[in-house]
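Working notes, structure below.
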Amino acid sequence: MSLWPLRPVSRYAGSFEGHDRLLRAWDDAPAVILSCPGPLRRHHAAIQPVSGLSLPQCLLGGEAQLQAFAASATELAPRLFFAPMPELFSTPQSMQALQLATGGHAFSQSSRPVHLRFGGTRSARIMKDARNGLVLAEDHAAPPISASQHPFANGLTLPAQMRRLFIYDRAVARPVILGGAALPITQLPPDCVTADLKAGLAEPAAADASDGLEVVSLSEFRSSAWAAGPVRGRSPHLREARDAAGTGGPPFVLLPWNLDHPGSAVPTLVERTLRLQSPGAPAVRLVLMPFNYPGQTGLIRRLIRQAREAAMAGDKSLSQVFIGRLTHLRALRDLLALATVAWVDGNDPEAAWTVRRLAACGIKPILLGVPGDAPPSQTAAVPANDTLTITAETRFGQLHYRSHMPSLRALHDLLPMTRDLAGAPRPRRSARARAGS
C-alpha cells in the first residue's frame, strides 16, 4: 500500500540517502542502542539485548517501530541493545559500564556507539558520547497554533546532539535541531513497518484471548493494574460483548490513540460516538488502543471521566467501550479475531504509518481524514469537516491545536460503513422507526 500523500512542505530539510545506505555512515558502531518512551517499571535493567525485550504495546507507536526496525535489521542483531533511559549514560563511568554490557568492544572518539530514538519529537532523548539519530514516523505539517516558550514545545525542534533523521516517507515536514540546522536524512525501507509481523501472523489463533492481548472495559479500568501490567484475568464485559458480536451483534472497532499527541481528537470522538448510540443497542463497540504511552495514566482517566459525563447511561455505557493493547505479537491473530476494522484519527502525526501498519496486519483502516489531505489508495475515509480547538496542559506548557473530526452527519454515515467493512449485519429498524421514515 502506498503512503498517504501528505501536504507538501515549504522548506526542504536535509539531504536524502537511499535505504541501501541505512546505517552505512555509522557502520563502525560497536553497539547500536535503541530506545523509546514508555513505562519504566516494565524494565529490569538499564541496558539489555533487544532479543529479550518485552514492550507494552507492540502494535503501534514508537514501541512497534522499534521492534519492526530490529526485525528488519538482521545484520545488526548481535549489536542491538535497548535502553529505557539512554540519558543515564552520560559519564565516563556509565559509558564504561555500557561498553561492558554490550560485549566489551572498545568505544573511542572514532568508534562510538549509535543511539536510535523512536517515538515523537517531544519525547526525543539523546545519549551523551554516542551518535544520536531519531526514527521519525510523524508528519509535522500541522504544528500547534500556539505554544509556550519552551524550546521543544512546538514539536519542530530536536536536541542539538541529534545527528540524523530516519524517516518512512519523503513527503513529511521535518524538525530541525536546536539552533535551526537541518539534519541528514535516511529513508527507511518498507520492511521497517512490517518485518516483525510475519512471525505474529504465523501464530495460530487461540480459542480464547491468550497471553499477549489485554482488553478491559472503561468501567473495569484500574490505573495501578494498567501501569504495572500485564493485566491479569478475563474481562466479563469483553466476554459478553464477544458473545453478542458472534451472534450478529455490534462489531468491535479499534481506535488507535496517540497519547503523545496533545491535539488528538480521539477523546472527543469517543464522547460523540457514545451520544449517537443507544446504550442498550450500540452500533459498534470501540476498543481504544493507546500508544506512545508515557507511563502515566492521567490522560486515560480523564477520557473515562469525560465519557461518563457524555454517556446517557453512565457506567453502563462505559462497560461497552474497551481499552486494549497488544503486548506480544503471538496474540495478533487473537486481536484479528476480535476486530478487523479501525478508525484512524487523521489529526495524528503518525496517521500514515498507523494506516500502513494496520493494513499489513489485515485490519481495515477507515481514515477520519483532515480537509485537504487525500487518503492512501484503497483506504476507506470519511471527511473530517468539523473544526475544534484543543487546549492541552503538557510538560512543555500549554499547547493549542486546531483539530478536525467528522461531524455528527459524517459519524452517522461512518457507523454503517464500519459494519459493512466488518462483515456485520446492519441492525434492523423497529416498526416505529420504519413508519417514521
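Things worth noting here:
- Amide proton proximity set for L59, modelled H, under 5 Å, gap of 5+: L326
- Going by neighbour counts of Cβ atoms within 10 Å, the residues M417, M127 line up, fewest first, as M417, M127.
- Sorted fewest first by neighbouring Cβ atoms within 10 angstrom, C361, C36 come out as C361, C36.
- Rough spin-label spacing in nm, given labels placed 7 Å along Cα→Cβ, for S110 and T91: 3.0
- A392 versus R239: modelled label distance in nm, points set 7 Å from Cα along the beta carbon direction: 3.7
- Over 23 Å [Cα-Cα, the range 147-272], rounded percent: 60
- If you run the Gaussian network model on the chain, springs between alpha carbon atoms under 10 Å, then out of H237, H115, H105 the most flexible one is H105.
- Summing charges over neighbours of A227, with a neighbour being any other residue whose Cβ is under 10 Å away from its Cβ, gives +3 when K and R count +1 and D and E count -1.
- Volume per residue of the C-alpha convex hull in the range 206-424, rounded to whole Å³: 118
- Other residues lying with their Cβ under 13 Å from the Cβ of M85 contribute a combined charge of +4, Lys and Arg counting +1, Asp and Glu -1.
- Kirkwood-Stokes translational diffusion coefficient of the chain, alpha-carbon pairs, 20 °C, 1.002 mPa s, µm²/s: 95
- Sequence-distant residues sharing a close amide H with T186 (under 5 Å, placed H): E17, L165, F166, I167
- In this simple spin-label model, placing a label point 7 Å from the Cα along the Cα-to-Cβ direction at both L40 and D28 gives a separation of 3.4 nm.
- Amide H partners (placed H, <5 Å) of C36, local residues excluded: F118
- Residue order for T389, T418, fewest other beta carbons within 10 angstrom first, comes to T389, T418.
- Length gained when the stretch L201-R302 is fully extended (0.36 nm per residue, less Cα-Cα span): 32.9 nm
Since every read-out is calculated from the coordinates, none of them should be taken as a lab result. The structure presented is a predicted model; accordingly, all values stated were derived computationally and were not measured. As a convention, Cβ positions derive from the backbone with ideal geometry for all residues, glycine included, and neighbour counts pool all protein chains shown.
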